[in-house]
Amino acid sequence: MIKKIFSFLFKDYLDEWKPLVEKINSLEKDFEKLSDEALKGKTLEFKERLNKGEKLDALLPEAFAIVREAAKRTLGQRHFDVQLLGGIGLHKGMVIEMMTGEGKTLTATLAAYLNALTGEGVHIVTVNDYLAQRDTVWMGQIYHFLGLTTACLVHEQSFIYDPAFVPSEEDKKRDTLGAFKVFHEYLRPISRKEAYLADIVYGTNHEFGFDYLRDNLVYEPDEIVQARELNYAIIDEVDSILIDEARTPLIIGGYEIEDYRLYYYYDKVAKTLEKEKDFIIDEKSRKVILTEEGLNKLQNILGYNPYETLDVRAVHHLEQALTANYLYHRDKDYIVKDNEVIIVDEFTGRLMFGRRWSGGLHQAIEAKEGVPIKPEMRTTATITIQNFFKKYKKLAGMTGTAWTSKEEFKYVYNLEVVKIPPNKPCIRIDHPDKVFLTKEAKWKAVVEKVKELHEIGRPVLVGTTSIENNEKLSKMLQEAGIPHRVLNAKNHEEEGAIIAQAGKLKAVTVATNMAGRGVDILLGGNPQDPEEYEKVKSLGGLFVIGTERHEARRIDNQLRGRAGRQGDPGETQFFISLEDDLLRAFGGDEIKSVLEKLGITKNKENENISLEYSLISKTIEEIQKKIEGFNLDIRKHLLEYDNVINAQREKIYSERRQVLLGLINFEDYLLKEFEVLLSEASPQTLKYIFGLEEIEEIRKKFLEKFNFLRDNFPEDFPKIVKNLILRIYDFLWIEHLHYLDHLKDSVSFQAYAHKDPLVVFKEEAYQAFINFHSALRNYLFQLFMNLEIKVQTPKIGRNDPCPCGSGKKYKKCGLLNTPEHQERMKKLRAEVKQA
């Protein structure tokens, strides 16, 4: 078996790891003899050995063998040798490519257990809440058996795996995730902070990322939930998270009030412009470009040319209106539901509730659709997926499709990709593409193929790229009398259940893109029926039909990977047309050239013919490679801008954390910053803050205030200064992010002046960062000098003794505020101050 494995790709790594696999296997018989208690005791032994200076690499063979034995006793599953290889790759901080159905979830337990022994925490990142909960309950059994704790984070909730916890009947009725099966048994609710202290934590990238941002907005140290440093993360479906979602930053924001009429106005302007005449659409760069005629028409409508006058606001609104009207399509990029625009995830087909496009694009689409416009978010904290995951000391990932993106993993994350061979040879048949001249001919052929397969009882999964196509095909199948199930963003609640049963006899499933990722399609249904499994197997297994090629080969490979899991039979084929978006936008000339070579012309007689040439498939693959390179350049470009912001964010968050934790002496800080203010601020600024011009008078006034507050309120003084600094940091950082957002938009004008926009952005952002700290100082002393402290005293009842010491009731003395009362209170305050 070992020899077979190591004849695979990446022989250098696999050869290097071969002795480790053999060592793990050699320990199996000895560990089988250990009692449950002795096995659990190994965890304590490993921790003690680490404390004495032994390295994780030295513990790896024993630790992996222990996890394998624990999995056998708890789940009845034994890690295959290929899974041991995958575990080694994850521990080494690599991306491992394992085919669908090869057991990535179980593989992760090996590296997670080993790295959790340090006590620094391991985060396992999933693509959705359902998988986070499922894997916590499923794999938590192994960790619990070995004495480690497992928690999971889902939206606004967190749980710890506890086999003794049984929920109430009311809890059992809940289905907060809208998923196939929600695991409430054994998941005990705990606080977010407690969850992060577990040895192993499962959750989505959004949960981990947003908690990081929120931790940098708190005002008390005990409100921090990520109490430990970000240590080690294993990312499941790593390509989906680190590449597909990389263009969408994590943003925490508050709403900003603005004039919504501008969105409606520029929407009308955009709708008056004619395609091809006033503007052209560059589908490759996803931009709407105005022609000379369009610019003239725009000048007539507005009365001026905003591009010439550098009216950034007008250009911004116009370009967002054009983008909304001509590049974003209803039922493909978004749906309108209950008078609300909801984004459809480009890669999974899921509805992204609560997520909004930034920069005014969402408002422009709301104006286009005539639904109420929600205010634009003002960013209070943001980070890109790339820069968040780079914060971990060690990062690893696993997926079925990483190889075609190996350059990006290396360039952006410094992660190497290693292909892990399958446990059983893959016998899936991937047919060449069936190419049609028109979309209509393609859809007819898909229905015919589904009908042919359904008649013999063979299960079929048809993948589409949009809700619109999903519903179109569903209607055609209905008309053909073919029973089927539809899965798209509109019925995501049933996602897991529909996908899980896609391998049953006669099952026809139509699904958008990669919906249901992470749920296995078992031949014969889930749970598997042995008799039905054999019948489906004899028919050739699951047949997967792709109805359009994606820009990224990975996404096509993910769809293919639905069939032929763990050595099962299966077939895949793509039915595509020359009118599909990909070929129309990117491959027109190349495909035309291929057709000419084959002697095929597009006319009425030929529109229904199908072509099945490897030359066409190769041409399409070349087109995809070009697009992947193009998209990689865009992501690199965005990353270059974000790296500038990230360096500033790291500095600000570090400074803020020092203040929050009280790691600075606030008296020394104020005195030092005051001297910097005197040396750097202009006379006008100093006069504005202190109302004085002479430096010595300013110093005297400040020190009087400083000494009064410090001496009279020694306990409260540091807290007052701390809260003052934190609030100024937050206010100015929000303003700074807002400025950088607009700066990114406006530097594009620099290209017209033959300047590199990135260089200009770096220079301007740096200057803004210098100004940030000057503004921080100015605000700090302006607010400090205007600070008034009111001492809260207990409320005195009318019939209580007067606090002045007169011996009278309060209503007869203090409430009347007699001159005698005032004199006694003045004397009392002087005594208190002296004391």
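None of the figures in this text is laboratory data; all of them are computed from the coordinates on show. Here the structure is a predicted model, which means the values were calculated and not measured. Cβ placement follows ideal geometry from the backbone for every residue including glycine, while neighbour counts extend to all protein chains displayed.
For VAL544, enumerate residues with amide H under 5 Å from its amide H, sequence gap 5+ or separate chain, H modeled in the peptide plane.
Placed amide hydrogens put LEU461, GLU571, THR572, GLN573 under 5 Å from VAL544.
Which value, in debye to the nearest 20, gives the size of the charge dipole of the range 631-786 about its Cα centre, when Lys and Arg are +1 and Asp and Glu are -1 at the Cβ?
With Lys and Arg at +1 and Asp and Glu at -1, about 280 debye.
Percent of Cα-Cα pairs per 10 Å bin, from 0 to the last occupied bin, for the range 15-65, please list those.
24, 49, 26, 1
Which order do peptides 148-154, 322-328 fall in by mean Cβ count within 10 Å, highest first?
For the peptides 148-154, 322-328, the packing ranking is 148-154, 322-328.
Using only the alpha-carbon atoms, how far is helix 716-746 inclined from the longest principal axis of the chain? Give it as 0 to 90 degrees, nearest 10.
50 degrees
Compute the Kirkwood hydrodynamic radius of the range 624-751, taking the inverse of the mean of 1/r over all pairs of distinct Cα atoms, and give it in Å to one decimal.
Hydrodynamic radius (Kirkwood, Cα only) of the range 624-751 equals 18.4 Å.
Provide the per-residue ³J(HN,Hα) series for the range 664-678, in order, calculated from phi with Karplus coefficients 6.51, -1.76, 1.60 and θ = phi - 60°, each as a whole number of Hz, with x at glycine and proline positions.
10, 8, 5, 5, 4, 4, 4, 5, 5, 5, 4, 5, 5, 4, 4
Output ³J(HN,Hα) for the range 211-222: one whole-Hz value per residue in order, computed from phi by the Karplus curve 6.51 cos²θ - 1.76 cosθ + 1.60 with θ = phi - 60°, and x for Gly and Pro.
5, 4, 5, 4, 4, 9, 10, 7, 10, 10, x, 6
What are the ³J(HN,Hα) couplings of the range 385-399, residue after residue, when phi is run through the Karplus curve with 6.51, -1.76, 1.60 and θ = phi - 60°? Round to Hz, x for glycine and proline.
Karplus-based 3J(HN,Hα) across the range 385-399 equals 4, 4, 6, 5, 6, 5, 6, 6, 5, 9, 10, 8, x, 8, 6 Hz.
Counting other beta carbons within 10 Å of each residue's own, what order do ILE698, ILE200 fall into, fewest first?
ILE698, ILE200
Order these by the 10 Å Cβ neighbour count, fewest first: GLU207, GLU694, GLU571.
GLU694, GLU571, GLU207
Per residue of the chain, what 222 nm ellipticity follows from adding -39500 (n - 2.57) for every DSSP H run with n ≥ 4, rounded to the nearest 500?
-16000 deg cm²/dmol
Might you report the magnitude of the Cβ-based charge dipole of the chain about its Cα centre, with Lys and Arg at +1 and Asp and Glu at -1, to the nearest 20 debye?
For the chain, the charge dipole is close to 1500 debye.
Between beta-carbons, use under 13 Å as the cut-off and find the net charge around LYS271, counting Lys and Arg +1, Asp and Glu -1.
Result for the local shell: 0.
Before anything else, pin down the relative contact order of the range 258-374: Cα pairs under 8 Å, at least 6 apart, normalised by residue count, whole percent.
25 percent
Could you state the angle between the C-alpha long axis of helix 819-834 and the longest principal axis of the C-alpha atoms of the chain, as a value from 0 to 90 degrees rounded to the nearest 10?
Helix 819-834 and the main axis of the chain meet at about 70 degrees.
All other residues with a Cβ under 9 Å from the Cβ of ASP430 taken together, and with Lys, Arg as +1 and Asp, Glu as -1, what is their net charge?
So the surrounding residues net to +1.
Do any cysteines of the chain lack a neighbour Cys whose Cβ is under 4.7 Å away, and which are they?
Within the chain, the cysteines lacking a partner Cβ under 4.7 Å are CYS152, CYS426, CYS804.
What label, among (i) 106, 85, 54; (ii) 88, 84, 58; (iii) 110, 84, 47, belongs to Cα extents along the principal axes in Å computed from the structure on display?
Step by step, Cα extents along the principal axes in Å for this structure corresponds to label (i).
Quick one: which of 44-55, 289-300, 725-736 comes out on top by average Cβ neighbours within 10 Å, and what's the full order, highest first?
Those peptides, ordered most packed to least, come out 725-736, 289-300, 44-55.
Sequence gap at least 6, Cα distance under 8 Å: using those rules, report the relative contact order of the chain to the nearest whole percent.
Over the chain, the number comes to 11 percent.
Could you work out how far helix 11-32 tilts from the main Cα principal axis of the chain, as a 0 to 90 degree angle to the nearest 10?
80 degrees
Can you classify the range 363-496 as rounded, prolate or oblate using the Cα gyration tensor, where a ≥ b ≥ c are the square roots of its eigenvalues, rounded means a/c under 1.5, and otherwise it's prolate if a/b beats b/c and oblate if not?
Oblate.
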